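Rule-based calculations on the coordinates, nothing more; no lab input. This is a predicted model, so every value here is computed, not measured. No Cβ is skipped: glycine too gets one built from the backbone with ideal geometry, and neighbour counts run over all protein chains shown.
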């Protein structure tokens, strides 16, 4: 569980986050939406300790982030950045295996977890390949498998932060990836995921935080947040919102 | 994926090659010794009960000249290769070289100060001059690296891109200072300076070997403890932090090990290029980038390669001797270009 009250953040002299309050709860997926430059990645940076907030303390399981040792923290909190630059010819299995570094679960167990995480990210068939020979989308799935392996199987007490995990993926893998994230949460992990696709967010998130110029425009269920008025105010787009004919979640259609 | 060589096969091969290099390095030279005599004398030197009739001369050449030279070559090659691994990990770039953080140019400057400054003072006793040279080179390398490291730091964080640029600037600055000393030096001093800059394993002695061996042992024992942290660092600094690695501490250790290792190597044998760049690369091509294999394998391969380079340096123009830096650069530079072209395609 990750929790922050009154979070503000300055970068390069300008205020990029104002008074954000949020709690990531076990079993729930929180989606973060907002236009470019709204402060989504800054929020993720502050939540994982990469950026020091000017006010507000980020607490992981009730303890301030800086109160955890690196390894203890890495066993509870995993972060998937937007882009990773790995220029060395590791095999896919080795890359995902790095996710097991904070643990001492033994070679046999680690291998099982790597295999399971790769399967969850639909990248099991890549296991023998060299990372450098993969496409952008395949690399993204391999890194997802790496952070899943870091927290596997996703028990209560683990927190996963994902920065646009579907940005390079084809439509099928956008869904398989978010399904994997969803089932991770269903096993008890608390998840925050930055997304750009409103319909993916509506389908897979329990709550949505709508960010506008560093402020929280709305934080509630998809039904409450994804309204034509809110989307016009924040994104400046004109939309119809209808319930999904089969699943009931909001379906956003641009006019 | 290209098939990698298994670590066990790799280590056995490297160990055999290393033994072969040591054997040849002990046997060949201005006075070539029969290979079997070399083996017997070598075994006697390490205290094995081998009959020793007719081996007096071999034992003396081995003990006094060839063994310290061989040990020097092994140690220098090993520590240059380890430092190369450390720098390529720090900069997350397989084309990084230990010289990047300024250690080599600092050492060259220290040596120039010792050689040219010593000749002006005139009163440096001959027996002390080599020690003064080594000391100044070591201190110069460490000093310039410390400055580059300081320049790369801001708000308690080390920015490796800034460090890289600072290293380039400091290398240029050091080069101009060395140039000034070169300009001011007289002919005899100039010759010493030039030869030192080209590197040589000549004149190895046990007294100058011990400090280097201690440094090499420390670096060789320390870096492999950080192998997994280095693997994580290749993902990126923040990724490594999220995996629980204390990245700032790791970067400090890598810079310190490199400054210490390269400083000691340059102090003992002058400037020898390309070993630190090429050896980790070769090992990665064969065995993959995992530092748990890469570090020990580079240690063995670096020592072995430098011994073979020294053999070429000794035999190519025998009885005269080429500076070894010429040999390593002659082989290393084309190899580097080959890598550049291959990486691009």
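Sorting A:105, A:91 on the 10 Å Cβ count, fewest up front, what's the list?
Ranking A:105, A:91 by Cβ neighbours within 10 Å, fewest first, gives A:105, A:91.
Tell me, what is the FRET efficiency for residue B:64 and residue A:206 to the nearest 0.05, using R0 = 60 angstrom and their Cβ-Cβ distance as r?
Approximately 0.15, to the nearest 0.05.
If you average the alpha carbon positions of the stretch B:207-284 and of the stretch A:185-204, how far apart do those two centres end up, in angstrom?
If we compute the Cα centre of each part, the gap is 42 Å.
Just the projected area, averaged over all directions, of the convex hull on the alpha carbon atoms of the stretch A:1-116: how many nm²?
Result: 9.2 nm².
Compute the angle between helix A:171-186 and the longest alpha-carbon principal axis of chain A, please, reported from 0 to 90 degrees and rounded to the nearest 10.
Tilt relative to chain A: about 80 degrees.
What 222 nm value per residue comes from the helices of chain B, counting each DSSP H run with n ≥ 4 as -39,500 (n - 2.57) and dividing by all residues, nearest 500 deg cm²/dmol?
Taken over chain B, the calculation gives -24500 deg cm²/dmol.
When a/c reaches 1.5 or more, the comparison of a/b and b/c decides; with that in mind, is chain A rounded, prolate or oblate per its Cα gyration tensor?
In terms of gyration-tensor shape, oblate.
Please order A:1, B:60 by the number of other Cβ within 10 Å, starting at the fewest.
Ordered from fewest to most neighbouring Cβ atoms within 10 Å, A:1, B:60 come out as B:60, A:1.
Suppose the chain between residue B:217 and residue B:127 were pulled fully straight at 0.36 nm per residue; how much longer would it get relative to their current alpha carbon spacing?
Extending this stretch completely gives an extra 29.7 nm.
Which of the three applies to the stretch B:47-126, rounded, prolate or oblate, going by the alpha-carbon gyration tensor with a ≥ b ≥ c and a/c under 1.5 meaning rounded?
Oblate, because a/c is 1.5 or more while a/b does not exceed b/c.
For each of A:139, B:154, B:44, count neighbouring Cβ atoms within 10 Å of the residue's Cβ, then give the residues from fewest to most.
Least crowded to most crowded, the residues run B:154, B:44, A:139.
If you count, for every residue in B:228-234, the Cβ atoms of partner chains within 10 Å of its Cβ, what is the mean?
3
Per DSSP helix of 4 or more residues, -39500 (n - 2.57); summed, then divided by the residues of chain A. What does that give at 222 nm, rounded to the nearest 500?
Value at 222 nm, helices only: -9500 deg cm²/dmol.
If r is the Cβ-Cβ distance from residue A:18 to residue B:246 and R0 is 56 Å, what FRET efficiency results, to the nearest 0.05?
That pair, residue A:18 with residue B:246, gives E of 0.95.
Any idea what the relative contact order of the stretch B:7-344 is, in percent, if you count C-alpha pairs under 8 Å spaced at least 6 apart?
30
Calculate the mean, over all residues of peptide A:103-116, of how many other protein chain Cβ atoms lie within 10 angstrom of the residue's Cβ.
0
Between residue A:246 and residue A:105, what is the spin-label point distance in nm, taking each point 7 Å from the Cα along the Cα→C-beta axis?
Each label point is offset 7 Å from its Cα along the Cβ direction, giving 3.3 nm.
Is the shape of chain B rounded, prolate or oblate, going by the alpha carbon gyration tensor and its root eigenvalues a ≥ b ≥ c, with a/c under 1.5 for rounded and a/b larger than b/c for prolate?
The shape class here is oblate.
What nm distance separates the two modelled labels at residue B:188 and residue B:292, each placed 7 Å from Cα along Cα→Cβ?
5.8
Take the alpha carbon atoms of the stretch B:302-345, find their center, do the same for the stretch A:1-40, and report the distance between the two centers in whole angstrom.
55
Can you give the % of DSSP beta bridges in chain A that are antiparallel, to the nearest 5?
In chain A, DSSP labels about 60 percent of beta bridges as antiparallel.
In a Gaussian network model over chain B where Cα atoms closer than 10 Å are linked, find which of B:53, B:253, B:239 has the largest mean-square fluctuation.
Taking springs between Cα atoms under 10 Å, the residue moving most is B:53.
Just report the Cα centroid separation between the stretch B:105-162 and the stretch B:1-72, whole Å.
Taking the Cα centre of each part, the stretch B:105-162 and the stretch B:1-72 sit 34 Å apart.
What distance in nm separates the simple spin-label points at residue A:11 and residue B:11, each placed 7 Å from Cα in the Cβ direction?
Reported label-point gap for residue A:11 and residue B:11 is 4.5 nm.
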